[in-house]
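Every number in this text was worked out from the coordinates using simple rules, so none of it is lab data. Bear in mind that the values here come from a model prediction, so they are computed numbers and not experimental data. Here Cβ is always computed from backbone atoms with ideal geometry, including for glycine, and neighbour counts include all displayed protein chains.
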Amino acid sequence: MEFTVERQPELMIEPVWLVLGLAVLAVSVFFFALLFKYGIKHRKVKQAAPKPPAKISKAEARQKALGSIDHIIFELSHSNIDMRESYQRLSMVMRIFVTEISGTDVKSFTLSELKKTEYKQFSDLIEKWYKPEFAMRTKADFMNDAAQAKRVVKTWN
């Protein structure tokens, strides 16, 4: 009786396929290790510094402020805003105007801080508007105050 050892049909895998499978597995493990190390970590992206607002000329700042004052007068005359809000807007328009012209950010200055600045004419206006700006009701003459604000805008150095 002669015996021979042969492979069974289900085990007839060539050794080259086993080596190729292990190589693919090794390359995959290496790739995912690199991906985890360099790709998945949250990269800190440097954000660019915000650009300073573009400087506008004095003439442009004047026109912008005068247009805003006229718009406030229009809104008040058409009853879209009340007296208190008109003074609040007027104060903000003037603060923005002085900030754009002078380069000093006075938008958040208190009245006492404004009085310490060199802008006497501006701080006097803001002081005059404080009462109607913060009062629930007032008998202030907004049209006169708006005209005065326009004069300050037109004559500002």
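Brief remarks on what is shown
- Mean-square fluctuations from a GNM of the chain, with a 10 angstrom spring cutoff on Cα atoms, peak among Tyr87, Tyr119, Tyr38 at Tyr38.
- Candidate lysines - alpha carbon under 28 Å from Lys128, same-chain residues fewer than 8 apart omitted: Lys58, Lys64, Lys107, Lys115, Lys116, Lys120, Lys139, Lys150, Lys154
- Derived scalar couplings ³J(HN,Hα) [segment 98-111; Karplus, 6.51 cos²θ - 1.76 cosθ + 1.60; whole Hz; x for Gly, Pro]: 5, 5, 5, 6, 8, x, 8, 6, 9, 5, 10, 6, 7, 4
- Listed residues Glu100, Glu133, Glu113, most fluctuating in the chain (Gaussian network, C-alpha, under 10 Å): Glu113
- Mean Cα-pair separation over length for the chain, i.e. relative contact order, pairs under 8 Å, 6 or more apart, %: 22 percent
- In the chain, helical runs assigned H by DSSP with n ≥ 4 each contribute -39500 (n - 2.57); averaged across all residues and rounded to the nearest 500, the mean residue ellipticity at 222 nm is -20000 deg cm²/dmol.
- Largest-first ellipsoid semi-axes for the chain, taking √(5λ) over the Cα gyration tensor eigenvalues, angstrom: 80, 19, 14
- Bridging of Lys131 to aspartates and glutamates at a Cα separation below 16 Å is possible for Asp82, Glu85, Asp141, Asp145, once same-chain residues fewer than 8 apart are set aside.
- Put a plus charge on the Cβ of each Lys and Arg, a minus charge on the Cβ of each Asp and Glu, and nothing anywhere else: the dipole of the chain about its Cα centre is then about 1200 debye.
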